[in-house]
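Each remark here refers to the structure printed beneath this line.
Values in this text are rule-based calculations from the coordinates and carry no lab data. All of these numbers come straight from a predicted model, not from anything done at the bench. For neighbour counting, all protein chains shown are included, and Cβ atoms are generated from backbone atoms with ideal geometry for every residue, glycine included.
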There are 4 protein chains.
Amino acid sequence: MTTSPEFTCGLQVRWSDQDLNGHVNNARLMTLIEEVRLRAMVAWGAEPPGPSGPRVVRALDVTFDREVHFGEDVLGRAWITSIGRTSFTVRHELLQGGVLCLRSDAVIVNLSADDGRPTPMTDSLRAVLEAHAVPAPNSDADTPEGGEHS
Amino acid sequence: MTTSPEFTCGLQVRWSDQDLNGHVNNARLMTLIEEVRLRAMVAWGAEPPGPSGPRVVRALDVTFDREVHFGEDVLGRAWITSIGRTSFTVRHELLQGGVLCLRSDAVIVNLSADDGRPTPMTDSLRAVLEAHAVPAPNSDADTPEGGEHS
Amino acid sequence: MTTSPEFTCGLQVRWSDQDLNGHVNNARLMTLIEEVRLRAMVAWGAEPPGPSGPRVVRALDVTFDREVHFGEDVLGRAWITSIGRTSFTVRHELLQGGVLCLRSDAVIVNLSADDGRPTPMTDSLRAVLEAHAVPAPNSDADTPEGGEHS
Amino acid sequence: MTTSPEFTCGLQVRWSDQDLNGHVNNARLMTLIEEVRLRAMVAWGAEPPGPSGPRVVRALDVTFDREVHFGEDVLGRAWITSIGRTSFTVRHELLQGGVLCLRSDAVIVNLSADDGRPTPMTDSLRAVLEAHAVPAPNSDADTPEGGEHS
């Protein structure tokens, strides 16, 4: 039996997640992304940040493909796309009604509890990450279209 | 007399902006970024999104350099780094105590009110953007370190 | 067949709902209360606020009996406790792990779209409210303990 | 020289504080109330909750007199209206454009760090509260209109 490296969960959308534009606010979507990642790490049995130091978000890339609306739960997906010595990248996706609405890569850095500087991850954290890693099939496709203007 | 292309404003940090990690939450920082951009567009006299169609965030790149903490106001900065036919890029920065904490590029797309597809910006919006544009000095330096792991 | 006048729903708690005190923030609990009321009104088939005028919260009484924590969904309950000519009262409860954590009464006022002043509710809205009304068994028990100090 | 028992501060309203109704959301107003109380306690030199135990909100009474809108800072006011043995009441007000928008009483309970039960406040906390107490002039006027329907 094999388990999927990918974590999935359903997330409720709240009426208050909407902004004046009548869709779920962009910053609030970052909260949903955070929720998916957090639930993934718990489900995967990753040691909580602590003795071995805190873990912080160093960088975030987001592409908003479609609006998310109030009324239907969102499906969140997360997996690991790359693993370094002191940091790793989590890919997140949010779907609604079966349609991809948002893709986001977050670079998470493991910090030393002593001096707050990047510090190597423990072997156990690395093992968890490796069990849930799916290399990006095409790294070009990864690039948010942020830099191009029509 | 010349005016600076850059917009700056002070933003209060709320106690509730903090998360369990004892710093201002990453997603909440996106709310502060949004506030800077919105106040900049108003200060610059940009026509509000409307008849000419809504404007939406298509992509977001964020680099978190330092934690933001409760207790001191944040200085927000925003200017335009590139202008296309149907979209433009806003660079945002948040500083606290004179130290750069966060850089973020947001790609904003102008949509048609009719079919919701990207549509050319009006001349008046373009003029506002051009008056507040500062080309990125070194586009390589722009790239968040998202893709590299030590 | 009879239906219960009471509406119930499960609500996810998000990690970000917690504040520095390690429990779900009080103001955020008001967001959950709002979500319960909104979902109740939709489930009951209440006409959305609109032509007949907006509906606003005029007063809120809340008693916090127990902390709500991240990790387990919350059960929300709502029903109508009193109906006037231009306003009505919704009782909300939040439970976690079968334990009552919060009770709240919200007075909702029906406003005129013309002048924004309280205006009589439509017969159809009144009928919906009456179908979901449960008079408070003991109006003394209603009073939050706000005014008494030991 | 006398100092006013009342604390006042200016609070920024964020665009994202608005909900679909085009005004600052009710639950978000509770966040502003919390911010006023917190800043008051700091300004008054109240010992932070801690060794002597945490302090929690037990009850909240709110009357919404007028809508708060985005565009102008809010003036927050707070003072103490009653002091018991293990708890006290804070009165908060929010004004915008010189007009009272919201009144709220919060009952705060001092808890034992040992067993989480109400425990007497320290003399120093009591002294701080007494220095900022203004008895409600007319306790009838205190009652939110929650219980009455026209």
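Annotations
- Exam field: residue A:113 pseudo-label spacings to other copies (7 Å along Cα-Cβ), nanometres: 2.0, 5.9, 6.1
- Among the GluC sites (Glu not before Pro) in region D:1-92, those located in a DSSP loop and surrounded by at most 12 other Cβ atoms within 10 Å of their own Cβ are D:72.
- Taking 7 Å steps out from each Cα toward its Cβ at residue C:65 and residue B:73 produces label points 4.4 nm apart.
- With a cut-off of 11 Å between beta carbons, the residues surrounding residue B:6 carry a summed charge of +1, where Lys and Arg count +1 and Asp and Glu -1.
- Prolate is the label for region C:7-136, because a/c, from the alpha-carbon gyration tensor with a ≥ b ≥ c as root eigenvalues, is 1.5 or above and a/b exceeds b/c.
- Teacher prompt: residue C:65 distances to equivalent labels in other copies, 7 Å Cα→Cβ, nm: 3.3, 4.5, 5.1
- Among A:87, A:16, A:104, the largest mean-square fluctuation in a Gaussian network model of chain A (Cα springs under 10 Å) belongs to A:16.
- Taking θ as phi - 60° and the Karplus parameters 6.51, -1.76 and 1.60, the scalar couplings of region B:16-28 work out to 6, 6, 6, 10, 4, 7, x, 9, 5, 4, 4, 5, 5 Hz in sequence order, x denoting glycine and proline.
- Closest approach to the axis - chain B beta-carbon, rotation onto C, Å: B:20, 4
- Point-to-point label distance, residue B:131-residue D:4, nm (Cα→Cβ direction, 7 Å offset): 3.9
- Under 9 Å, Cβ to Cβ, from residue B:18 - net charge with Lys/Arg +1 and Asp/Glu -1: -1
- Teacher prompt: residue D:9 distances to equivalent labels in other copies, 7 Å Cα→Cβ, nm: 2.0, 3.3, 3.4
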